[in-house]
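Novice: Could you have a look at this structure, given as structure tokens, before my questions?
Every number in this text was worked out from the coordinates using simple rules, so none of it is lab data. Note that the structure is predicted; figures quoted are calculated from it, not measured. Here the Cβ positions follow ideal geometry from the backbone for every residue, glycine too, while neighbour counts run over all protein chains shown.
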Amino acid sequence: MTPIRTIAFVGLGNMGVPIAAQLAAKSFALALYDRRPEAPRAFVAAHGGRAATSMADAARNADAAITMLPDDTAVREVVLGEGGLASALAPGATVIDMGTSDPCATIEIGAELAKHAIRYVDAPVMGGLVFAKDATLDVMVGGSDADIERCLPVFSAVGRQVFRCGALGSGHALKALANYVNAGALVNLIEALAIGRKFGLDSKIMADAMVHMCTGRQHPLEKKVIPQVLTHKFATGMTLGLIAKDVSIAAKFGHSIGAMTPLADRVCEIWDRAEAEIGGNADQTEVARLWENGNGITL
């Protein structure tokens with residue numbers, strides 16, 4: 001396959017602009033389109049490239065097309081809609097979705113593009129605006145090995161690390177799950193700080209202490225999931241019953257001072273269920289069996 005040098009870039013929002021700027025700086029030839037005509041013109045004035053008059057105009061003669069759009073509905077319209085990218089891309093061209101889309105929709109779009117002999121890769125990014133500006137994004141990629149290989153120079157131009165996730169849709173699946181973990185951790189932390197603050201603890205003291213108690217080598221991914229759950233060693237030395245007890249203390253403590261505790265209550269229910277079904281003397285990491293048994297899988 002010929003290397004990618006000419007790119008149709010659609011979606012010049014907060015993330016699209018710095019990503020496209022990195023590509024322009026690395027000498028990729030860009031034809032840019034956005035539903036706001038002023039956006040491509042401003043980009044060209046600052047970074048070069050060509051402001052396309054339509055999506056089809058951007059796609060004409062392009063080796064690849066990159067979409068940086070809010071969801072799969074927008075991607076489908078831009079790629080497969082009337083006058084969309086697929087109407088002008090040549091057979092053998094590659095469409096790269098670098099936004100966050102539903103993985104099942106990604107598979108469906110890929111099947112439609114295949115009818116036009118157009119390749120499809122999902123490559124969402126992690127790191128946000130700060131990392132987009134200095135080309136240190138993490139790129140999660142789904143697609144065939146050959147398609148990913150062809151796109152690697154593009155990913156290297158905007159990111160520090162590329163994770164090959166598997167078949168088409170895998171990148172979007174991992175991105176959504178990673179954001180789910182981060183979003184859950186954020187509100188979990190906020191709830192803990194709010195309960196502590198209501199009790200009278202200092203917010204900075206709590207945050208500083210939790211840096212040492214809850215992150216780095218103490219984070220459950222590094223300390224428990226990778227070495228204990230994924231290996232099925234289940235040998236941290238702390239029993240499931242003791243964790244259930246500690247979680248219960250946190251929830252009841254919150255109740256006693258009239259704090260808002262929706263997450264603590266739900267987490268308490270989960271650990272109580274694990275203690276009842278798996279046993280209080282089991283290792284704490286065996287809580288994973290709830291999800292293994294419920295999904296019929298082995299982590």
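Novice: For ASP202, ASP145, ASP102, what's the fewest-to-most ordering of other Cβ within 10 Å of each Cβ?
Specialist: ASP145, ASP202, ASP102
Novice: Another question about this same structure. Over the stretch 6-169, what is the percentage of antiparallel beta bridges among all DSSP beta bridges, to the nearest 5?
Specialist: Roughly 10 percent of the beta bridges in the stretch 6-169 run antiparallel, per DSSP.
Novice: For LYS245 and GLU77, compute 0.36 nm times the residue count separating them, minus their Cα-Cα distance, and round to one decimal in nm.
Specialist: Using 0.36 nm per residue and subtracting the Cα-Cα distance, I get 55.4 nm.
Novice: Which of the listed residues, LEU23, THR67, GLY143, is farthest toward the dipole's positive end in the stretch 6-169, when Lys, Arg count +1 and Asp, Glu count -1 at the beta-carbon?
Specialist: In the stretch 6-169, that residue is LEU23.
Novice: Further question on the same structure: Residue separation times 0.36 nm, minus the C-alpha to C-alpha distance between ASP57 and LYS223: what's the value?
Specialist: So the extension gain works out to 54.6 nm.
Novice: Could I ask something else about it? Using +1 on the beta carbon of Lys and Arg, -1 on that of Asp and Glu, and nothing else charged, what's the dipole of the chain about the Cα centre, debye to 20?
Specialist: Magnitude of the dipole: close to 700 debye.
Novice: Here is a follow-up. For GLU82, GLU275, which order do you get if you count the other beta carbons within 10 Å of each Cβ and list the fewest first?
Specialist: So the ranking, lowest neighbour count to highest, is GLU82, GLU275.
Novice: For a quick check: with amide H placed at 1.01 Å from N, whose amide H comes under 5 Å from ALA282's, ignoring anything fewer than 5 positions away on the same chain?
Specialist: Those qualifying (amide H under 5 Å, at least 5 residues apart or on another chain) are LEU240, GLY241.
Novice: Determine the relative contact order of the stretch 6-169: mean sequence separation of Cα pairs under 8 Å and six or more apart, normalised by residue count, in whole percent.
Specialist: Contact order relative to length: 20 percent.
Novice: With the contact rule set at Cα under 8 Å and sequence spacing of 6 or more, what percent relative contact order holds for the chain?
Specialist: Across the chain, relative contact order equals 12 percent.
Novice: Next question. Would you mind getting the Kirkwood hydrodynamic radius of the stretch 174-295 from its Cα pairs, rounded to one decimal in Å?
Specialist: 15.6 Å
Novice: Magnitude of the Cβ-charge dipole of the stretch 6-169, K/R +1 and D/E -1, about the Cα centre, nearest 20 debye?
Specialist: The dipole magnitude comes to about 520 debye.
Novice: Return the percentage of antiparallel bridges among DSSP beta bridges fully within the chain, rounded to the nearest 5 %.
Specialist: Around 15 percent of the beta bridges assigned by DSSP in the chain are antiparallel ones.
Novice: Could you work out the local net charge near LEU242, counting Lys and Arg as +1, Asp and Glu as -1, over the other residues with Cβ closer than 12 Å to its Cβ?
Specialist: Around LEU242, the charge tally is -2.
Novice: Then there is this: Which net charge results for the neighbourhood of LYS224, defined as the other residues with beta-carbon distances under 13 angstrom from its beta-carbon, given Lys and Arg at +1 and Asp and Glu at -1?
Specialist: For residues surrounding LYS224, the net value is 0.
Novice: Around LEU299, under 10 Å between beta carbons, what's the net of Lys plus Arg minus Asp minus Glu among the other residues?
Specialist: Summing Lys/Arg as +1 and Asp/Glu as -1 gives 0.
Novice: I want to check the label-to-label distance for LEU189 and ARG36. Put each point 7 Å from Cα in the C-beta direction and report it in nm to one decimal.
Specialist: Simple spin-label model gives 3.0 nm for this pair.
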